[in-house]
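The values are calculated or read from the model by the stated rules, or taken from the named source; none is laboratory data. Predicted model only: the values in this text are computed from it and were never measured. FYI the Cβ positions are ideal-geometry reconstructions off the backbone, even for glycines, and counts take in every protein chain you see.
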Amino acid sequence: MHNLYFSITAVAAFIALLVVVFVIVLAVKHRDRTSEGAEASIHGSIPLEIGWSLVPSLVTIVIFAWATAVFFDMV
């Protein structure tokens, strides 16, 4: 049970750290150095969309399965 708690905490901390790092890196990389308007429009990427939908779903399914196993072991 404690391993589940620490694993969920570690996953949440890793994701939070990853988001903070990406926000800082992208803010520095894409800061506006001129007073011009927006650049060309951005078009989507299907593999990227599938990736950031599938990976969190799989992580959630694994955590749910593990938590279910821990629950039934306790009962």
* Within segment 1-22, tally of residues that are among the β-branched types (Val, Ile, Thr) and within 16 Å of Trp52 (Cα to Cα) -> 3
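Every residue, every condition in (1) of a type in the set (D, E, K, R); (2) surrounded by 10 or more Cβ atoms within 10 Å (Cβ to Cβ); (3) closer than 28 Å to Asn3 by Cβ, yes or no:
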residue	(1), (2), (3)
Leu18	no, yes, yes
Val23	no, yes, no
Leu26	no, yes, no
Ser41	no, no, no
Pro47	no, no, no
Gly51	no, yes, yes
Trp66	no, yes, yes
* Asked: Quick check, is Val62 within 28 Å of Ala10 (Cβ to Cβ), at pLDDT below 85 and either surrounded by 10 or more Cβ atoms within 10 Å (Cβ to Cβ) or of a type outside the set (D, E, K, R) (or both)?
  -> no
* To do: Evaluate segment 48-67: report whether one residue or more is among the acidic types (Asp, Glu), more than 23 Å from the chain's Cα centre (by Cα) and not in a loop (DSSP other than H, G, I, E, B).
  => no
